[in-house]
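Every read-out reported here was derived from the displayed coordinates using simple, explicitly stated rules and does not represent laboratory data. These numbers were taken from a predicted model, which means no experiment stands behind them. Here the Cβ positions follow ideal geometry from the backbone for every residue, glycine too, while neighbour counts run over all protein chains shown.
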Amino acid sequence: MALSDAQSGTTTSVHSGGRVSRARIGVIGSILIVAALGWLVLWRLVSEHAALEGGYGVLGPGMAFLDDLVRLLGGDGIPRNGLWGDICRALVTGGAAQSGAWPLEQFGIALAMWAVMALAMMLPTAMPMITAFGDIQGAARAKGLPVVPGWVFSAGYLIVWGALAVVAATLQWGTSLAMGEEPVLASTAPIVGGGLLVLAGLYQWSALKAACLSQCRSPMRFFMVHWRDGRMGGFRMGLRHGVFCVGCCWALMVLMFVGGTMNLVWMAVLTVVMLLEKVLPRGDVFGRVLGVIFVVWGAALAINEFI
């Protein structure tokens, strides 16, 4: 299927109230449901970890309010039993954890956390691209042309972020070996945290960031340039968009090490930031302003450490 064959009727079909419009609603609903399930899983994992650590407040800046909130609601809000809690409890009390080693099981836990985090945080930011792909396929269906399901494109996109989850878990493993059990937070490791903030801020101004962000901000331009037919073509386009998205957002995801890898508040803030970069009329300017803030913030942390 040539893109021009379907694209010619895409805009009219989307706004006509016909099948494509209903399909678009279904795509958006599916994305929101999957992302919501991801956030629910994150909440469960974070809550069980908080039970082991003594509360939400120790998991990073901004999380302390959850301790107050759950007490206000009449409970501690922290599940005491569960698979995640059982695994963490076994690791904490095991000889490997006490000796400072990071066993393979704990790497698996970190990998699962990063994979779910990538799903919950990044899938909503890809909504404009996924819905645009659905619009094109809906127009193709209306013309009797072959159609590729939207999940094929989405699968390619998520596989790229799954690969990045492996990299992030490996970095967390290495950080744990280098710094012990202390988290890499700006409050506990200001030099490292400040350095990561400066790195992320400078990257916001880089040519690579601008190039990748431009691909993420213009779905139809992306498809006009990179279109491939068939299911394998849809999958390859998903992979390509995932690569551009990683190029756009990897430095912001690295900031999870600054706010805490189990900090739900920090996750939500970064998700909103990455979404706004892609959908605001001048999202590129918004990103550069954030870059200045990150550099100033990181430099202040590092300088304050020596004062």
Each residue of region 269-276 in order: what ³J(HN,Hα) in whole Hz does its phi give by Karplus 6.51 cos²θ - 1.76 cosθ + 1.60, θ = phi - 60°, with x for Gly and Pro? 4, 5, 4, 5, 4, 5, 5, 5
Potential extension, Trp250-Ser30 segment - 0.36 nm per residue separation minus Cα distance: 76.7 nm
Residues with beta-carbon under 13 Å from that of Cys245, excluding Cys245: net charge, scoring Lys, Arg +1 and Asp, Glu -1? +3
Counting other beta carbons within 10 Å of each Cβ, put Glu53, Glu277 in order, fewest first. Glu53, Glu277
Rounded to one decimal in nm, the spacing of the 7 Å Cα→Cβ label points at Val296 and Leu52 is 3.9
Listed with the fewest Cβ neighbours within 10 Å leading, Phe235, Phe133, Phe286 appear as Phe286, Phe235, Phe133
If I model a spin label as a point 7 Å beyond the Cα along the Cα-Cβ vector, how far apart are those points for Val225 and Phe306 in nm? 4.1
